[in-house]
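Some notes on the structure that comes next.
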Amino acid sequence: MKIFVRRREARWVLAASLLALLGACQRPGSARLFGEPSARPIVIAHRGASGHRPEHTLAAYTLAVEMGADFIEPDLVSTKDGVLVARHENEIGGTTDVAAKFPERRTRKVIDGDTLDGWFTEDFTLAELKTLRAKERLAFRSHAYDGQFAVPTFDEVLALADSLGKARGRAVGVYPETKHPTYHRAIGLPLEPALRRSLKARGLDRRDAPVFIQSFEVGNLKALRAETRVPLVLLLAGPSVPYDRALVGDMRSGTQWVTPEGLREIASFADAIGVNQRMLVGADSSSVPTTMVRDAHAAGLRVHVWTMRSEPAFLAKRYGGDPVAEVREMVRLGVDGIFGDFPDVVVDGVRR
């Protein structure tokens, strides 16, 4: 019995020593940045501090970091000359003053099966886009900063993250989304090569980089899996079918992808799922949380949830008007990362 106890103690000492050695070899803060289940969730500033400043501007990203966000999120679309810029959509009529400056460029296009009227980044050179100024998209948010900020390139966002990280003494993560990758590829402006070049130029094309690449499509993530070591995230919305999968007859919705079988398939080409919070728990007070987080962790996937917004127009009634209560529920459910328009609110909820 004494021999067994001593041997068991020796194994524990050896295990503890190995864990300490591994911890010493990690880059500072890497567990936090990757949002491992044992760490508190990472805070991801959705389009920057987009509840406080016009989305996808350097000002919105800077404020998000000042509020304590771990990651900033640039959605990426392409210019006519192949430069990646940060816009939520390639249609920019609602987020810039393009209508006033280029009224003749208004056109109609079909994007992922939807017919849209407006102004599109792929019809403008970077020089032309740089003459535009961003504005707040939502009528009920402040418009005090409209017209003040330019449309940033992805390289400018990376440079800002690097600068802000050095200033605060820990890395600022970057969480780019490839927007409409099938569409961009079809018009001869694929997003992925430029994305990889920008990451590689800054030494961020590595497994432990403070970067996640996300997409609502499956095919480009599978291609990226063979081309980059950066962690990848499949975005899912309950009733929606990934556009590229629908093109080949695979009509599985987001809800069908998060079955145990579907999660195991996702784990073959991605490292995490990004899901709408209503896929975890319903909007009313009687809703019972799903087992999605537990099932995803069992498949080896992290779970990042979107999007925490503080206004009554977005906040589910189960939280009684308290946006921090929503964040705290996501923490209790075990998510590994939380997207929010108001990073200060998410930071508050996570720290509590």
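Taking springs between alpha-carbon atoms closer than 10 angstrom, which of 164, 301, 221 fluctuates most in the Gaussian network model of the chain? For the chain, modelled as a Gaussian network with Cα springs under 10 Å, the answer is 164.
Once you've got the Cα coordinates, tell me which of 135/222; 135/200; 101/200; 130/166; 80/101; 166/222 are over 24 Å apart. Beyond 24 Å: 135/222; 135/200; 101/200; 130/166; 166/222.
State the answer as a single residue: which of 298, 194, 120 lies farthest towards the positive end of the charge dipole of the chain, with beta carbon charges of +1 for Lys and Arg and -1 for Asp and Glu, about the Cα centre. Toward the positive end, the furthest listed residue is 298. Neighbour counts of C-beta atoms inside 10 Å place 240, 310 in the sequence 240, 310, starting with the fewest. Applying 0.36 nm per residue to the separation of residue 159 and residue 107 and subtracting their alpha-carbon distance, the gain on full extension is 15.4 nm. Against the main long axis of the alpha-carbon atoms of the chain, helix 323-332 sits at an angle near 40°.
Modelled this way, with points 7 Å down the Cα-to-C-beta line, the labels at residue 206 and residue 284 are 5.2 nm from one another.
With a ≥ b ≥ c taken as the square roots of the eigenvalues of the C-alpha gyration tensor of the chain, please select rounded if a/c is under 1.5 and otherwise prolate if a/b is larger than b/c or oblate if it is not? It comes out prolate by the Cα gyration axes. Ordered by the number of other Cβ atoms lying within 10 Å of each residue's own Cβ, fewest first, 332, 40 fall into the sequence 332, 40. A straight chain from residue 144 to residue 259 at 0.36 nm per residue would run longer than the Cα-Cα distance by 36.9 nm. About its Cα centre, the chain has a charge dipole of approximately 1460 debye under the convention of +1 per Lys or Arg Cβ and -1 per Asp or Glu Cβ, with nothing else charged. Taking every C-alpha pair closer than 8 Å and separated by at least 6 residues, the mean separation divided by the residue count of segment 199-281 gives a relative contact order of 30 percent.
Where only DSSP H runs of four or more residues are counted, the chain gives -10000 deg cm²/dmol as its mean residue ellipticity at 222 nm, each run worth -39500 (n - 2.57). Helix 2-25 versus the longest principal axis of the chain: what is the Cα-based angle in degrees, 0 to 90, to the nearest 10? Its long axis makes an angle of about 20 degrees.
Values quoted throughout were computed directly from the atomic coordinates according to the rules given, and no laboratory measurement underlies them. Small disclaimer: the values here were computed from a predicted structure and weren't measured. When we count neighbours, we look across all protein chains shown, and the Cβ atoms used for this are built from the backbone with ideal geometry, even at glycine.
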